[in-house]
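Notes follow once the structure below has been shown.
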Amino acid sequence: MDDRQVLVMVLLGVLALYFGNRILTGSGHSYRDRILTLAKPDRDLVTHTKEFNVPEVIKVTEDVYVAVGYALANSILLEGPNGLVVVDVTESTESATKIMAAFRNISDKPIKAIVYTHNHADHTVGASSFIEDVNNPPDIWAHKKIMQEMKRAFSTVNGATYTRAMRQFGVLLPESVNAGIGLKLTYGGSSGGMGLVYPNKFVSKAVTDVTIAGIPVQIIHIPGETDDQIGVWIADRKIFLCADDVYRAFPNLYAIRGTPSRDLMQWVNSLDIMIELGPEYLIPSHTRPLQGKRYIRETLTAYRDAIQYVHDQTVRYINQGLTKEEIVELVKLPPHLAAHPFLREFYGTVAWSVKGVFTSYIGWFSGDAVELSPFTPKTKAEKMVRLVGANKLMDAAKAAYKDKDYQWALELSSHVLLTNRDNTEARDIKIDSLSSLGALQKSANGRNYYLTTAFEEASEINIKNQKSKLRENAIKIIPVSQIIHALPVRFKPEECSSMSEQLYFEFTDTNQHAVVTIRNSIAIVTESPSSTYDVKVSLTEAVFKEIISSRTRALTAYSVGELVVEGGLMKFRNIMGCFERD
């Protein structure tokens, strides 16, 4: 073998070692394959998929049907002598259209009413697919609090909760096992279309007696997962539609997508109402219906007792001065409850619930003074790197990963990445740690969140692009009042701190008025006519929505009459520039 051949062999050996190491750490090839290979799902979670992986309409009893497996949530059909009632409409017009077609195989009677059990998107966004005659639409029933909840959802932290919901439900994952309470969330459908229609019939009492489509029902306020949640009780048939207060998984007492912690004892009280009613049929808005008075009573009792157990034991340890992390290690369901088929942690988890109870009662501060002024994650990472050194942190991260201490490997590699985003070795360890942690999750929420974050870190998922598209579609159907009230939390004081202006909107097609007052680096919204202003804008609601949409025409492109500005077009543009678009 001559020198040239030796050199070639050495080079080939070096390349083999190099690319071999790259394959081991996930670089130099598809991160998609690497993540999915590491993230083999929990066997029980895979089996749980059988609960809802086949789209079907189940006949619960005569004239009562539930569509399971078409979407994240169920849609329920009640057939009355005068027409049909649809309870919950799923999260997309696509899934709702398929359900409507299936319902039409059962009855050709007109839909007289739709009932929203609560405000969540997977129960409301598909509504338009059930409205066949737009000139004579069905009534839409809901609790009076639903409008407040919808307004809050859009007007406050919707940007953060959308991003986190995409992670929790694994919407953008190339492969997903399930979403815990349904097969998959298809929010808005593949086209991004939204069919939300706002309700026109509201209930406010604890119990409201009403006859809909010839069916006498009681609409019962059963707050649990949300404060506006209602159930439907058909007394003569002993049928109860329990919304999201019960499903075949441990409940989301706190949702990692970002919600206030649910009021656990309020949820328990709602379950007690159901137990007292003694239903013989129980139809959740997720997972399959239940039948048999004794079986339902036993299930409801176990469910409410598990929720109360988590509440009571968390509060007990709070009063002993323990931190939420310490309490998490102590509060575990008793074995007979943990093994109950409706309390497996496929959706919510006991640990997240404990933390939710902790913060709901005493807030973010554990009582340890070290938490009063903590460092930001980046500052802490910089100090760790200066103290230990990036190389030593990486050595420790690799050793931790090898020892299957994935959480520690994740934390150490994250420290390095926060100080140097170009460190590919740290990124690889972080991605592998996220993937391996995802594989350990029984909760679909936890698994989806870890894996989506891994794909984001690998730049193979971009939630922001999806969010912009959905926001444009949402703006088309959201009332202008909600959009106006979202402006204060989009104000940019770092750019407009010295601004003191009053912007007056007059909507010529609806005779609505809104004033946005900017002062002291805040924006204040009032809805009333005003005789004083710095800028007055007269326009239609459609033009307003186009202006605040991310795909808007230049202000100067509007024709005469579409947009009338008093006080100067440039000043109007400058004021609007003080508000974030995305």
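The values are calculated or read from the model by the stated rules, or taken from the named source; none is laboratory data. Worth saying up front: this structure is predicted, and the values here are computed from it rather than measured. Methodologically, a virtual Cβ is constructed for each residue, glycine included, from the backbone with ideal geometry; neighbour enumeration extends over all protein chains shown.
Can you pull out every residue in the stretch 428-461 that is within 16 Å of the chain's Cα centre (by Cα) and either of a type in the set (D, E, K, R) or not in a helix (DSSP H, G or I) (or both)?
Correct list: SER443, ARG447.
Select, from LEU434, LEU451, the only residue that is in contact with an Asp or Glu (Cβ under 8 Å, 6 or more places away or on another chain), at pLDDT 95 or above, outside the structural domain of GLY170 (by TED's automatic domain parsing) and surrounded by 18 or more Cβ atoms within 10 Å (Cβ to Cβ).
Values: LEU451 fails: in contact with an Asp or Glu (Cβ under 8 Å, 6 or more places away or on another chain).
Only one candidate passes the filter, namely LEU434.
Give the stretch 358-386 a look and list any residue that's assigned to a helix (DSSP H, G or I) and of a type in the set (Val, Ile, Thr), or say none. Walk me through it before giving the result.
Taking the stretch 358-386 and keeping what is assigned to a helix (DSSP H, G or I), we get 358-362, 369-371, 377-386.
If the condition is that a residue be assigned to a helix (DSSP H, G or I) and of a type in the set (Val, Ile, Thr), then THR359, ILE362, VAL370, THR379, VAL385 are the ones that fit.
All but one of (1) under 21 Å from the mean Cα position of the chain (by Cα); (2) more than 30 Å from PRO199 (Cβ to Cβ) hold for LYS492; which doesn't?
Answer for LYS492: the failing condition is (1).
What are the residue pairs meeting all of these: first residue in the stretch 194-211, first residue more than 30 Å from GLU94 (Cβ to Cβ) and not assigned by TED's automatic domain parsing to the domain that holds SER128, second residue assigned to a loop (DSSP other than H, G, I, E, B) and not acidic (Asp, Glu), Cβ atoms under 9 Å, and 6 or more apart or on different chains?
Once the first residue is more than 30 Å from GLU94 (Cβ to Cβ) and not assigned by TED's automatic domain parsing to the domain that holds SER128 and sits in the stretch 194-211, no partner that is assigned to a loop (DSSP other than H, G, I, E, B) and not acidic (Asp, Glu) comes close enough.
Considering the stretch 314-330 alone, what residues qualify as being of a type in the set (A, V, I, L, M, F, W, C) and surrounded by fewer than 20 Cβ atoms within 10 Å (Cβ to Cβ)? Outline the logic, then answer.
In the first step, residues of the stretch 314-330 are kept if they are of a type in the set (A, V, I, L, M, F, W, C); the result is 315, 318, 322, 327-328, 330.
Of everything in the stretch 314-330, those that are of a type in the set (A, V, I, L, M, F, W, C) and surrounded by fewer than 20 Cβ atoms within 10 Å (Cβ to Cβ) turn out to be VAL315, ILE318, LEU322, LEU330.
For the stretch 127-158, give me the residue count where each residue is under 21 Å from ARG257 (Cα atoms) and of a type in the set (Gly, Ala, Ser).
Within the stretch 127-158, residues that are under 21 Å from ARG257 (Cα atoms) and of a type in the set (Gly, Ala, Ser) number 2.
Only one of these is modelled with pLDDT under 95, farther than 30 Å from ASN520 by Cβ and either buried (at least 19 other Cβ atoms within 10 Å of the Cβ) or among the aromatic types (Phe, Trp, Tyr) (or both): ILE461, ILE429. Name it. I'd like the intermediate steps shown before the answer.
Details: ILE429 fails: modelled with pLDDT under 95.
None of the others qualify; the one that does is ILE461.
Going by what's in this entry, would ASN465 be described as of a type in the set (S, T, N, Q) and over 28 Å from ASN252 (Cα atoms)? Before the answer, list the steps.
Values: of a type in the set (S, T, N, Q): yes; over 28 Å from ASN252 (Cα atoms): no.
It is false that ASN465 is of a type in the set (S, T, N, Q) and over 28 Å from ASN252 (Cα atoms).
Please go through the stretch 293-324 and pick out each residue that is among the β-branched types (Val, Ile, Thr) and closer than 30 Å to LEU372 by Cα. Give the derivation first.
Within the stretch 293-324, the first condition is being among the β-branched types (Val, Ile, Thr), and the residues that meet it are 296, 299, 301, 307, 310, 314-315, 318, 323.
Within the stretch 293-324, VAL310, THR314, VAL315, ILE318, THR323 meet the criteria.
What are the residue pairs meeting all of these: first residue in the stretch 286-314, first residue assigned by TED's automatic domain parsing to the domain that holds TYR254 and free of Cβ contacts under 8 Å to residues at least 12 places away in the same chain, second residue among the polar types (S, T, N, Q) and part of a helix (DSSP H, G or I), Cβ atoms under 9 Å, and 6 or more apart or on different chains?
Cβ pairs passing all conditions: LEU290/THR299.
Test each condition in (1) part of a helix (DSSP H, G or I); (2) touching a Ser or Thr at 6+ places or on another chain (Cβ under 8 Å); (3) buried (at least 19 other Cβ atoms within 10 Å of the Cβ) for ALA474 and report the one that comes out false.
It fails just one condition, (2).
Are any of the residues in the stretch 290-300 surrounded by 16 or more Cβ atoms within 10 Å (Cβ to Cβ), among the hydroxyl-bearing types (Ser, Thr, Tyr) and modelled with pLDDT of 95 or more?
Checking the stretch 290-300: at least one residue is surrounded by 16 or more Cβ atoms within 10 Å (Cβ to Cβ), among the hydroxyl-bearing types (Ser, Thr, Tyr) and modelled with pLDDT of 95 or more.
Filter the stretch 261-274 for residues that are of a type in the set (S, T, N, Q) and surrounded by 17 or more Cβ atoms within 10 Å (Cβ to Cβ); which is nearest to ILE220 (Cα to Cα)?
Let us first name the residues in the stretch 261-274 that are of a type in the set (S, T, N, Q), namely 261, 266, 269-270.
With the extra rule that they be surrounded by 17 or more Cβ atoms within 10 Å (Cβ to Cβ), the set shrinks to 261, 270.
Values: SER261: 22, SER270: 9 Å.
Going through the qualifying residues, I end up with SER270.
Any idea which residue in the stretch 242-260 is surrounded by the most Cβ atoms within 10 Å (Cβ to Cβ), counting only those that are of a type in the set (A, V, I, L, M, F, W, C) and closer than 13 Å to ILE273 by Cβ? Spell out how you get there, then give the answer.
Step one: of the stretch 242-260, the residues of a type in the set (A, V, I, L, M, F, W, C) are 242-243, 246, 249-250, 253, 255-256.
With the extra rule that they be closer than 13 Å to ILE273 by Cβ, the set shrinks to 242-243, 246.
On the way: CYS242: 29, ALA243: 31, VAL246: 29.
Among residues in the stretch 242-260 that are of a type in the set (A, V, I, L, M, F, W, C) and closer than 13 Å to ILE273 by Cβ, the one surrounded by the most Cβ atoms within 10 Å (Cβ to Cβ) is ALA243.
Can you tell me which residues in the stretch 498-513 are surrounded by 13 or more Cβ atoms within 10 Å (Cβ to Cβ) and free of Cβ contacts under 8 Å to residues at least 40 places away in the same chain?
As a first pass, look at the stretch 498-513 and keep what is surrounded by 13 or more Cβ atoms within 10 Å (Cβ to Cβ): 499, 501-508, 512-513.
Scanning the stretch 498-513 gives GLN502, TYR504, PHE505, GLU506, PHE507, THR508, GLN512, HIS513.
Suppose we filter TRP408, TRP352 for residues that are among the aromatic types (Phe, Trp, Tyr), in a helix (DSSP H, G or I) and over 25 Å from the mean Cα position of the chain (by Cα); which single one remains?
Step by step, each of TRP408, TRP352 is checked, and only TRP408 is among the aromatic types (Phe, Trp, Tyr), in a helix (DSSP H, G or I) and over 25 Å from the mean Cα position of the chain (by Cα).
Can you tell me which condition GLU149 does not meet? The list is (1) in contact (Cβ under 8 Å) with a residue 24 or more places away in the chain; (2) of a type in the set (Asp, Glu); (3) assigned to a loop (DSSP other than H, G, I, E, B), and all the others hold.
Tallying (1) in contact (Cβ under 8 Å) with a residue 24 or more places away in the chain; (2) of a type in the set (Asp, Glu); (3) assigned to a loop (DSSP other than H, G, I, E, B), GLU149 fails exactly one: (3).
Show me the strands (runs of 3 or more DSSP E) entirely contained within the stretch 1-113 in which 3 or more residues are modelled with pLDDT of 95 or more and out of contact with any Phe, Trp or Tyr (no Cβ under 7 Å at 6 or more places or on another chain).
Numbers: elements: 56-61, 64-68, 75-80, 83-87.
Answer list for the stretch 1-113: 64-68, 75-80, 83-87.
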